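The structure under discussion appears below in the form of structure tokens.
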Amino acid sequence: MSPTQVVVIVIVVVVLAALAAVAVVASRRRALRQRFGPEYDRAVAEQDSRGAAERELRERERRHAELELTPLSPESRARYAAAWEELQVRFVDSPAETVGDADELVTRLIAERGYPTGDFSEQIAHLSVEHARTLTHYRDAHDIRLRNERGEAGTEDLRQALVHYRALFADLLGEDPVGHQPPAQRHPEPDPDHEHDATSR
């Protein structure tokens, strides 16, 4: 084999190795994007580089794998759904208090599923591995709750907070809770007698 052939072979091997490395990185990146969704872009925006963000996300996966997560029993799921429906009924009369109760209910559900519930940032990091697509809702709800504690949230803000909490609540529950919107937004049920009187005029 001539020296030229040796050089060509070495170059081909190096190029193939480089292409394989690029393919592996691209595959890992695609898997992280699929798993974390919007959290991937958020991590990239918050870190100094894409590589640092991806290392952070892989570290989240490692810590998540150490958790002992448990599915809800049908009885627990029904109990939480009923508790959420009760929250929505109470919202009309006491929206500020209800948002605080919603935060406590969501936190209890998070804990029962097996997630840590101490530091909020750590809680977000653990949830992001399987519930990334509803974390923006959770962050927004959390922000409104803090504003509410400072007396800076209006009734519409509080209604939005309850909607945001419901998104993560439903994701963790595995189904939408019984009520779909806070009662303040529901349209009154039509009165059959009233409709009959209107049509008979």
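Quick look at the numbers
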item	result
Whole-Hz ³J(HN,Hα) from phi, Karplus 6.51 cos²θ - 1.76 cosθ + 1.60, for the stretch 154-166, glycine and proline x	x, 4, 5, 4, 5, 4, 5, 4, 5, 4, 5, 4, 4
Surface share of carbon and sulfur [accessible, 1.4 angstrom probe, percent] for the stretch 74-173	47
Average accessible surface area per residue within the stretch 74-173, 1.4 Å rolling probe, Å²	44
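The values are calculated or read from the model by the stated rules, or taken from the named source; none is laboratory data. A quick note: this is a predicted structure, and the numbers were derived from the prediction, not measured. Only protein heavy atoms, including side chains, enter the accessible area calculation; ligands, DNA and RNA are left aside. Shrake-Rupley method; radii C 1.70, N 1.55, O 1.52, S 1.80 Å.
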